[in-house]
Amino acid sequence: MVNKQGQTRLSRYYEHVELHKRTLLEAEVIKNCLSRSKYQCSFIEYKDFKLVYRQYAALFIVVGINETENEMAVYELIHNFVEVLDKYFSRVSELDIMFNLDRVHIILDEMVLNGCIVETNRSRILAPLLVLDKMAET
Amino acid sequence: MALKMVKGSIDRMFDKNLQDLVRGIRNHKEDEAKYISQCIDEIKQELKQDNIAVKANAVCKLTYLQMLGYDISWAAFNIIEVMSASKFTFKRIGYLAASQCFHEGTDVIMLTTNQIRKDLSSPNQYDTGVALTGLSCFVTPDLARDLANDIMTLMSHTKPYIRKKAVLIMYKVFLKYPESLRPAFPRLKEKLEDPDPGVQSAAVNVICELARRNPKNYLSLAPLFFKLMTSSTNNWVLIKIIKLFGALTPLEPRLGKKLIEPLTNLIHSTSAMSLLYECVNTVIAVLISLSSGMPNHSASIQLCVQKLRILIEDSDQNLKYLGLLAMSKILKTHPKSVQSHKDLILQCLDDKDESIRLRALDLLYGMVSKKNLMEIVKKLMIHVDKAEGTTYRDELLTKIIDICSQSNYQYITNFEWYISILVELTRLEGTRHGHLIAAQMLDVAIRVKAIRKFAVSQMAMLLDNAHLIASNTQRNGICEVLYAAAWICGEFSEHLQEPNQTLEAMLRPKVTTLPGHIQAVYVQNMVKLYASILQQKEEAGEKESSQEITQLMIDRLPQFVQSADLEVQERASCILQLIKYIQKLQAKEVPVAEEVIALFAGELNPVAPKAQKKVPVPEGLDLDTWINEPPSDSESEDEKPKTIFHDEEQRHSRQRQPEMDEEELARRREVRKQEQANNPFYIKSSPSPQKRYQDTPGVEHIPVVQIDLSVPLKVPGMPMSDQYVKLEEERRHKQRLEKDKKKKKQKKEKKGKHHRHNSLHTESDEDIAPAQHVDIITEEMPENALPSDEDDKDPNDPYKALDIDLDKPLADSEKLPVQKHRNTENLKSPDTEAPLGEDLDFWLSPAPPPVSTTQTQSEPEVSTAIAEPEDHEEPNKEDREEEEDDEGKKSSKHKKKKHKKEKEEKSKDKKKSKKKHHHSEEEPVESVQNGTLDDEPLPPMSSYHLLAENPYIKMTYDIQGNLQNDSQVTVSVIFENKSTSFVKSMELNVLDSLNTKMIRPEGSSVHDGIPVPFQLPPGISNEAQFVFTLQSIVMAQKLKGTLSFIVKNDEGSTHEKLDFKLHFSCASYLITTPCYSDAFAKLLESGDLHMNSIKVDGISISFQHLLAKICFHHHFSVVERVDSCASMYSRSIQGHHVCLLVKKGENSVSVDGKCNESTLLSNLLDEMKETLSMC
């Protein structure tokens, strides 16, 4: 998840990438995304994998997939993820994500595990997080 | 203590939390780095405190910093501390940090094993959950080995939340610790049918990922997945399953046939674009995998193409992109169906989005024909002019070249046009692909003899205008074309109009600014040019001008002698000396031209790009042995012998062939031709398959073809390819008119109507005759060239380790390591797998005709029903083994299975035969069950007979009549690779007889074999089907055939052949057709049947067994059975009824047959006699 200024707001790797390579990779990826206009499609071929991205206001959500993955499904998954965030934070903004990085991670982990989609039901995704919030209150 | 706690929480109030950190960073935009390093110092302080809350907070902040790109690996130990916190809120922070920054190289990771195990078995499902999530990110081989068993236990946890996570983690565990796959697989399979859809989907995900890498091990799961696919409504799961099928179908074409229908249904019904896209993709994969013998899928292709068209026409760019992507997959196998959408794809070339344009370009490759090539390339050229980005322009350039040069310039009708296109492309600025254009120019000029004259004139023009090309920048890639231009002008200098002018151009001082390798070519070729000028002048007797030209060379060459490039320098100084010598001779008025030209005599033949690699190492030559013993290390360095090949100059890629004597050449050619004829990969050379070589050496052996040029050769200035388009149009128009005239005449003779239709020009490719009669010379290959060199698989592929046969029963040694203190809850040994391969075969075999009620079950049910007879099988097998081991002792186990034992005793006499057959191909017994009422177990029988066998391959075959077609039978051949090598490029061919013919794909001749649509890794077997047509079926037939294949192993690959005889017995024309007894009686009464009978003595097997044999091997079904007498029925593919009455006496069997074709009957009975006498 990267904003228009190219600052990473959330990153998750399902295969190990070295730290310094991560920053380079992220910078290049966002450069690729930013250079595209609205009338262009949301898939970019980047090196040996494909980037699927979606833009929400100033935030880009970019997912790197290999060629066997279904681009359209990932495209829809991104929206699903944002919908869940929207529900939890009630109208999510970039700041919500920044200040609650750990929570966003939990949501993401509930949805995607190991690079595979685990859960797409909104209430089931949020269940563990709500339990957690309750625990924190007490 | 209490005080400390209070102090800790007070401290916390002053600590920054994550929010403060984020805010802080935002407020220090100018000195962010400084602020962060300050924060890291604070964090280090916090981590030193005992309070776990403080530590957790610190770790949380570190996670954020890590995301920004700061290394936090130094805090690994603290992260583990936080992971082991008892409070979930802290624990999860620890795991999050670990999952973000731990990896296989993190050394403290081994400290976590016990903590993770504790968390995994925690009563709190969220503790377990977070541990699983974390583990998925940083699992190492050690962790995987130690925890595999714990995670496997969790796969059967009561909470679906845990189950689904555990299932998904298993995939990572398999990757890191492949030994765990076999023990865990049965449970994983169980999860496919988990009541919770989430768990189900997780299992589908894992198996899909596994199967994508090693599909063949998962074929046996196909029936289960098929059931899931038809029952599931979850689109995410459906996508995965369909993707999985896409990976499986190439291995099992029959599966594809089964899939087509449900997939097309889904395509019709679904509204989810992602699912639609996946379905289309898999349908394409299915259609690719189906061999050409299976017709009637044009409907599905049409459907796919239509749906894709809708996607492409959609305003959503994403759909457009995907549509084009999928379209390009169809293009590979069904170019015709895509070609009809040419309009749409050309439209996409104008799209605003570059990715879409690129995809459309990919498609263009397959759309061109002789007819539209010029038009399409013209369009692309316009794009080249308009394109703003260099990457896109370069892409266009390569595509143009690809499109034009594909299949040996198959679509080019006018090479002058192509040369002009290439020349136009040189005007591109800043392209990286100058060498590509150059290579094309060289290739065309060398291989298309007829075009040389034109090419030379164009190249001379390029040389003349070299300043335009080379002027821009030093590193301009386009100047590579000068390399080609100089070479072509030099080599084919006899075609030059004004050689003097060209030589002048090559000697310009500006040339010295070109890259060294180009200058070198310049120098070499100016001598060739010089030689031919010299010859001309001498012939014309112009002594003065020949001396002038020599003087010119001597004047200008020194600029090259001074070159910084060694190659240029060397060549130039050699040549300078040579020319100085010539000058001396000229002064003495000695004619020299003949000798100078002799320096460059001989034709250069094109050499295939891989020719060098394919030269086989001669027998007895070992490249690794030392020619001289290597010097000992003690020798001083400068005395080291120079490597022998080092000093040889870098050879020019188009090396002059060493002259060989005539005989040798002829012999080699013969060998090569043979090779080419046998090599399926060899691309047949030219559109006009004229004699490629005549058996005379030297220049003459390339046939000189009369040039029939309809375009004037002298095109003033730079050529415009457009002219050719116009000219071509005219030319074609003329051709058409002529044809029309002819047709009109014919029509007039008939009636003279419909003459309008003819003017609607629907010309096909074949109608267009090429403008020049062109002979494309094939590239040369060394003799005995090895036919293929496929890239081997990457040996480091992590997925290779997961290529494990999952159907074999588990051995004790394979069980997962279990922690000792847990030994009490011993791991249940997973059930031994039933041999699923057979189920699969049964499941896949086309459903029997729905005549009897027992056979009208739906397919998934059938697959479960099959499990039953195997239950009979298993215990029997065990018992038998026990009996053999300890005859006297009756183990307790034995008693338990007493009832089974009794049953077994009944069939004691069959035990032996059963044992014999145990390892042979087992065919499900159900196929003969329709007449057997006893539950007496039948011995397994195989309808597959040995076809042929050699040390590499074993072929067994079975012939089945085709229900739909009365003159076709399908021969299923199982190919088994018995060797340790890889077997590929199998091709099966038979010698057709008048009566029996193999159906070959359209357009192939009767001598062409049919490629087997798979390859065989060592020890693998697979089945392919071939369809044959028959005219008469009353007699048995034999066809001779050959299987040719390539065996590839470490030593290399060899071509092998295996001859066989395919025996079509009369029984193979029969189709098991059930018949009711009343219908049977009517048939016998009708009286138009011929009769025949046989009697066989010495039958010892039971009647039941005997009937089964007849049913199975001769495709009969039992109509009625009374005691030791039975009536049987079958029908041939051409509709002959065959009725049998089988009676068993003491030791003999008599068979009375009735059939409406007497020859067929007597042949059938003969065959039956043979079978029975073997009993």
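General observations
- Residues that are assigned to a helix (DSSP H, G or I) and of a type in the set (Ser, Thr, Tyr) were ranked within segment B:1145-1175; the one that is surrounded by the fewest Cβ atoms within 10 Å (Cβ to Cβ) is B:Ser1173.
- Search result, residues across segment A:102-115 that are among the acidic types (Asp, Glu) and either more than 7 Å from chain B (Cβ to nearest Cβ) or over 25 Å from B:Leu132 (Cβ atoms) (or both): A:Glu110
- Which listed residue, of A:Val84, A:Val118, is under 14 Å from the mean Cα position of the chain (by Cα), crowded, with 19+ Cβ neighbours inside 10 Å, under 23 Å from B:Ser136 (Cα atoms) and among the β-branched types (Val, Ile, Thr): A:Val84
- Any hit, segment B:521-543, residues being outside any helix (DSSP H, G or I), in the same structural domain as B:Phe492 (by the TED database), buried (at least 17 other Cβ atoms within 10 Å of the Cβ) and not acidic (Asp, Glu): no
- The condition of being modelled with pLDDT of 85 or more and either in contact with a Lys or Arg (Cβ under 8 Å, 6 or more places away or on another chain) or not assigned by the TED database to the domain that holds B:Phe1112 (or both) does not hold for B:Lys997.
- Here segment B:544-583 is the region considered, the condition is being touching a Lys or Arg at 6+ places or on another chain (Cβ under 8 Å) and surrounded by 19 or more Cβ atoms within 10 Å (Cβ to Cβ), and the residue that is farthest from B:Val596 (Cα to Cα) is B:Phe560.
- Considering A:Phe60, A:Phe89, A:Phe99, the condition of being surrounded by 15 or more Cβ atoms within 10 Å (Cβ to Cβ), away from every other protein chain (no Cβ under 13 Å) and over 13 Å from the mean Cα position of the chain (by Cα) is satisfied by A:Phe89 alone.
Rundown of residues vs (1) assigned by the TED database to the domain that holds B:Thr63; (2) surrounded by fewer than 19 Cβ atoms within 10 Å (Cβ to Cβ); (3) not in a helix (DSSP H, G or I), yes/no style:
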position	(1), (2), (3)
B:Leu96	yes, no, no
B:Lys118	no, yes, no
B:Tyr126	no, no, no
B:Gly129	no, no, no
B:Thr133	no, no, no
B:Ser136	no, no, no
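- Residue check for A:His16: in contact (Cβ under 8 Å) with a residue 40 or more places away in the chain, facing another protein chain (nearest Cβ under 10 Å) and of a type outside the set (Asp, Glu): no
- Complete set of residues in segment B:60-84 that are within 13 Å of chain A (Cβ to nearest Cβ) and closer than 13 Å to B:Gly134 by Cβ: B:Thr63, B:Val82
- A:Arg36 passes every criterion in (1) free of Cβ contacts under 8 Å to residues at least 60 places away in the same chain; (2) at the interface with another protein chain (Cβ under 9 Å from one of its Cβ atoms); (3) in contact with a helix residue (DSSP H, G or I) (Cβ under 7 Å, 6 or more places away or on another chain) apart from (3).
- Boolean, B:Lys320 is in contact (Cβ under 8 Å) with a residue 24 or more places away in the chain and away from chain A (no Cβ under 14 Å): no
- Positions within segment B:405-461 being among the charged types (D, E, K, R) and within 13 Å of B:His495 (Cβ to Cβ), in sequence order: B:Lys449, B:Arg452, B:Lys453
- Of the residues making up segment B:278-296, one or more are modelled with pLDDT of 80 or more and either on the phi > 0 side of the Ramachandran plot or charged (D, E, K, R) (or both).
- In segment B:138-173, of all residues being closer than 22 Å to B:Leu96 by Cβ and touching a Phe, Trp or Tyr at 6+ places or on another chain (Cβ under 7 Å), the one that is farthest from the other protein chains (Cβ to nearest Cβ) corresponds to B:Ala144.
- Of all the numbered requirements in (1) more than 11 Å from chain B (Cβ to nearest Cβ); (2) more than 24 Å from B:Lys172 (Cα to Cα), A:Gln7 misses one, and that requirement is (1).
- Condition check for B:Gly198 on (1) surrounded by 20 or more Cβ atoms within 10 Å (Cβ to Cβ); (2) without any contact (Cβ under 8 Å) to a residue 12 or more places away in the chain: one failure, at (2).
- Check on B:Thr106, in contact with a helix residue (DSSP H, G or I) (Cβ under 7 Å, 6 or more places away or on another chain), under 25 Å from A:Arg22 (Cβ atoms), β-branched (Val, Ile, Thr) and surrounded by fewer than 22 Cβ atoms within 10 Å (Cβ to Cβ): yes
The values are calculated or read from the model by the stated rules, or taken from the named source; none is laboratory data. As the structure is a prediction and not an experimental result, all values here were calculated from the model. Neighbour counts run over all protein chains shown; Cβ positions are idealised from the backbone, glycine included.
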